[in-house]
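Engineer: Supplied in structure tokens, the structure appears directly below.
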Amino acid sequence: MYSLLVPSFCAINKLSSALFQGGNYIFEFDSFADRDICREFVAAAIAFHGETGKSTSEKPAAALQDEQLSTAEMEHRIKLLQEDNELQRLHKQFVIGGILTEAEFWATRKKLLDQNDRRKPKQRVALKNEMWSVKPLSDGQSNRVTFNLTPEIIHQIFAEKPAVRQAYLKFVPNKMSEKEFWTKYSRAEYLHSTKNVVAAAAEAAEDEELAVFLKQDDMLTNEARRKIRRVDPTLDMEADVGDDYMHLPDHGLLREESKDVLDSQYEPYRRYFSQDLNQHAAVVLQGRVVDVELGDTRSVAEALARTKQAELANEVSDGNLEKDLSHRISRVAEIEDLQGPRDLAVAPLCIKDPRDYFDSQQANALKPLGDAGSGVKTLKFNVSSVEAYGSLRELISEIRVTGLSEPITDPEVAFKVLSGLTQNISSTKYHLGKSPHESILDSLPKVTKEDLLHHWTSIQELLKHFWSSYPITTKYLYTKVTRLKDAMSQVYPKLQVHFVLLDNYNCFLYNGLPTCVYNFSCIFSLNSRKLRNLCSQISGIKFPYLSNQCFRL
Amino acid sequence: MYLHQVPTNFFDIFPDDVSLLMVLIDTNPFFWNSINTSLSFSKFISNVLAFLNSILLLNQLNQVVVIATGYNSCDYIFDSSALQNHNQKGESLLQKLEEFVDKDESLCRDDSVDGPGFSLLSGSLSMALCYIQKVFRSGPLHPRPRILCLHGSPDGPGQYVAIMNAIFSAQRSMVPIDSCIIGAQHSAFLQQASYITSGIYLKPQLLDGLFQYLTTVFATDLHSRSFLQLPKPVGVDFRAACFCHKNTIDMGYICSVCLSIFCKHHKKCSTCGSVFGQAQTQDSSTPDRKRKTSVDN
């Protein structure tokens, strides 16, 4: 057990190598801030080591020391490695294997590192579906009732109740402060929740501003009237057939209904649950109309007011709506059976002679196949159908009598056929890669294919770093180049192993591979020629030439 | 369109190489009468029978269906899954073949025919594809189908559209069409068919050894084709030729209604009769101008 004061980042770096030798450690800190920093870093480092293996724990520690990475950077890199398998494999092979340093590896991937930071979530958050429940927190002792109003709730209130929004814009900050406004609003909501219409009316009579909240919302009523006028009469109500609006009072909603008939003076203070519900649903389905920061209440209110006004203006100016509607009505109201026959606007397709297509194509198709002298000659003479069918029937009965012959084919002929076919098939290796249908890589076994592709990507990576350090001007570059050259020369024997294994496929039909190997090694040999020349200048080492050894078959 | 679904444990229940082989044999009497080779119809049939037996021996669940392509009609003459008595396969096939030939003769309206005549390949291809569709819809477990055409008659020009439609339908259902040409000349139709559907096209040199060709090349099931090399033709030239002169062209005019190709601008399409609009004038001056400005800049 160790107890340490952790003043700086360098110390943490040195610590990480010790940490992953195993064992448990206890740290003491001066302040909470220090502890939090350390905790984050240790968590990131543990995750990092958990993936890449504990065997080479010194190397990452050394790398980290060089760079002074922030924890965010580390986490970012770890996340990138986690997401991309290929990247992780390369990282493991090169950085943990000591061929490239961490800095070099990520130097060519700056774009990847930058990219992620700027990703913003593309999804927009919708409005909450809860109706703001009027269940305030009340502690049983005192007479106080507390309402919680978050900016989200305020946004929703403004969207659902235009009268409140208008009142806010009018009263605040002229007549009353925001706090007072919301207190009054809360009082109104509380009164509504008690369902005491008489009391509501009484309070409204006293306080003019309160009355605004307690009365029915005129703006809403007007809006509802407008919407009803614009309903599309061609709407198919088939889906609603199952719903019973006649026999179920209040659409099945349970409500405590005060059965006393009230004076008409109290009517304006009555609130209907179904109205509230409909308005709430309409607002939620519409979604977020304004995209304003919710912090500033005034700007939210103004933005919503502007949107509503714009909508109104659009409606008024949209005279086309009436025309569209009447068009649609007349179209849907047609009964098809009663319509007369309509003339088609198009002329029917009439192809005079489909044989033209055939002739145009026939000429070219047969040229590459050449003249197959198979000894089959066509004798063009006129045969009567009776004769033709007769001879066919005779031949069939001949088989029925004699049955299958033994052997079915003369063995010599069969052998000739087989060798001919073998020759044909083995000659196709010269044509590999010419047909767009086939892919050489796909004809290899899956494991081999993946291995070859991985070798290819790792060689790409090594070559990238190799050529980027040319011209070699410093000692550091020289050592780097030597390191890379060694790594590259190690790939050749690995590939040899594959070819030896595949050689053991003795099927004569499997002739595709040597050509593939030849093609593949050409990729290497092109680079390796340059490599060989350059490196032999530096180090005087001769490189093995792969293609010779592999193209044996 | 209903696509056949393969359940995740398909390969546990059905091994990979179960195949349904549809064999279309050419029974055009005028063709068989007009060739002069060592391969008579009886020898041909006996080779095919031996081949069918070997297919059925490869796997207990293999199925074979034979369709005869006649001069006037086509018909199914053998279905291995419908047989009650397995020892009578050959007999029942031959019996049905004889009945088919009789029926075909009765439908014949020509008294005599010049040369080999044309067999109804489009009809038998369609019948094969219909059978395959039925198999697809029979449930999630079904063998993998392929079509083998043993064809010898020359290509009938009037069947072009129908055959191309059948080929595209086979391509969509991923059914390979293999072709074995036993006639004198190559068949452009079947070459196209095999190319488009990734099947094998072969014209045997030694027809005596037809059985050997069939078992070496055409007996491979679809699973094995992923790692076995089979003979492939060198390359196919499917370039279009113009309808007016039959010259091969690379650029030309196409009627947007019937897709016929012309090398020169015509006022009216000769195939479907639709009237063409104004031809686009060749703007050879504009590209030069563009090139010049880019050089200047």
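The values are calculated or read from the model by the stated rules, or taken from the named source; none is laboratory data. This one's a predicted model, so the numbers in the text were calculated from it and none came from an experiment. Glycine gets a Cβ as well: all are built from the backbone with ideal geometry, and neighbour counts include every protein chain shown.
Engineer: State whether one or more residues within region B:63-72 are closer than 29 Å to residue B:108 by Cα and surrounded by fewer than 20 Cβ atoms within 10 Å (Cβ to Cβ).
Structural biologist: There is at least one residue in region B:63-72 that is closer than 29 Å to residue B:108 by Cα and surrounded by fewer than 20 Cβ atoms within 10 Å (Cβ to Cβ).
Engineer: Just to verify a result, which residue in region A:384-406, among those that are within 7 Å of another protein chain (Cβ to nearest Cβ) and not in a helix (DSSP H, G or I), is nearest to residue B:92 (Cα to Cα)?
Structural biologist: A:404
Engineer: If I ask for residues that are touching a residue at least 40 places away in the same chain (Cβ under 8 Å) and of a type in the set (D, E, K, R), which ones from region A:300-330 would you list?
Structural biologist: Result: A:302, A:308, A:315, A:328.
A quick yes/no check of all residues on (1) assigned to a helix (DSSP H, G or I); (2) within 23 Å of residue B:224 (Cβ to Cβ); (3) at pLDDT below 70:
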residue	(1), (2), (3)
A:425	yes, yes, no
A:435	no, yes, yes
A:473	no, no, no
A:485	yes, no, no
A:508	no, yes, yes
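Engineer: Yes or no: residue B:246 outside any helix (DSSP H, G or I), surrounded by 17 or more Cβ atoms within 10 Å (Cβ to Cβ), modelled with pLDDT under 85 and out of contact with any Pro (no Cβ under 9 Å at 6 or more places or on another chain)?
Structural biologist: The answer is no for residue B:246.
Engineer: Here is a further query. Consider region B:166-179. How many of its residues are surrounded by fewer than 22 Cβ atoms within 10 Å (Cβ to Cβ) and assigned to a loop (DSSP other than H, G, I, E, B)?
Structural biologist: Of the residues in that region, 3 qualify.
So that you can scan it fast, the table gives a plain yes or no per residue for (1) within 7 Å of chain B (Cβ to nearest Cβ); (2) modelled with pLDDT of 75 or more; (3) under 49 Å from the mean Cα position of the chain (by Cα):
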position	(1), (2), (3)
A:323	no, yes, yes
A:326	no, yes, yes
A:343	no, no, yes
A:352	yes, yes, no
A:366	yes, no, yes
A:371	no, no, no
A:376	yes, no, no
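Engineer: Strands (runs of 3 or more DSSP E) wholly in region B:73-165 with at least 2 residues that are within 11 Å of chain A (Cβ to nearest Cβ) and surrounded by fewer than 21 Cβ atoms within 10 Å (Cβ to Cβ) - which ones?
Structural biologist: Because the criterion is at least 2 residues that are within 11 Å of chain A (Cβ to nearest Cβ) and surrounded by fewer than 21 Cβ atoms within 10 Å (Cβ to Cβ), the strands (runs of 3 or more DSSP E) in region B:73-165 that meet it are B:112-114.
Engineer: Could you tell me whether region A:270-284 includes any residue that is farther than 30 Å from residue A:201 by Cβ and either at pLDDT below 75 or part of a helix (DSSP H, G or I) (or both)?
Structural biologist: Yes, region A:270-284 has at least one match.
Engineer: With the checklist (1) over 30 Å from residue A:418 (Cα atoms); (2) within 12 Å of another protein chain (Cβ to nearest Cβ); (3) modelled with pLDDT of 80 or more in hand, flag the one item residue B:239 doesn't pass.
Structural biologist: Among (1) over 30 Å from residue A:418 (Cα atoms); (2) within 12 Å of another protein chain (Cβ to nearest Cβ); (3) modelled with pLDDT of 80 or more, residue B:239 violates only (3).
Engineer: Related question: Would you call residue B:256 surrounded by fewer than 18 Cβ atoms within 10 Å (Cβ to Cβ), small (Gly, Ala, Ser) and more than 7 Å from every other protein chain (Cβ to nearest Cβ)?
Structural biologist: Considered against the rule, which asks whether it is surrounded by fewer than 18 Cβ atoms within 10 Å (Cβ to Cβ), small (Gly, Ala, Ser) and more than 7 Å from every other protein chain (Cβ to nearest Cβ), residue B:256 comes out as yes.
Engineer: Filter region B:50-61 for residues that are surrounded by fewer than 19 Cβ atoms within 10 Å (Cβ to Cβ) and in contact with a helix residue (DSSP H, G or I) (Cβ under 8 Å, 6 or more places away or on another chain) and give the result.
Structural biologist: Of everything in region B:50-61, those that are surrounded by fewer than 19 Cβ atoms within 10 Å (Cβ to Cβ) and in contact with a helix residue (DSSP H, G or I) (Cβ under 8 Å, 6 or more places away or on another chain) turn out to be B:53, B:54, B:56.
Engineer: Separate question: Regarding residue B:221, is this residue among the acidic types (Asp, Glu), outside any helix (DSSP H, G or I), surrounded by 17 or more Cβ atoms within 10 Å (Cβ to Cβ) and more than 7 Å from chain A (Cβ to nearest Cβ)?
Structural biologist: Against the criterion (among the acidic types (Asp, Glu), outside any helix (DSSP H, G or I), surrounded by 17 or more Cβ atoms within 10 Å (Cβ to Cβ) and more than 7 Å from chain A (Cβ to nearest Cβ)), residue B:221 qualifies.
Engineer: Continuing with the same structure: Would you pick out the residues in region B:259-278 that are surrounded by fewer than 11 Cβ atoms within 10 Å (Cβ to Cβ) and small (Gly, Ala, Ser)?
Structural biologist: Answer for region B:259-278, where residues must be surrounded by fewer than 11 Cβ atoms within 10 Å (Cβ to Cβ) and small (Gly, Ala, Ser): just B:277.
Engineer: Got a number for residues in region B:184-196 being more than 9 Å from chain A (Cβ to nearest Cβ) and crowded, with 23+ Cβ neighbours inside 10 Å?
Structural biologist: 3
Engineer: Related question: Just wondering, is there one or more residues in region A:49-71 that are among the charged types (D, E, K, R), over 21 Å from residue A:477 (Cα atoms) and at pLDDT 60 or above?
Structural biologist: Looking through region A:49-71, none of the residues is among the charged types (D, E, K, R), over 21 Å from residue A:477 (Cα atoms) and at pLDDT 60 or above.
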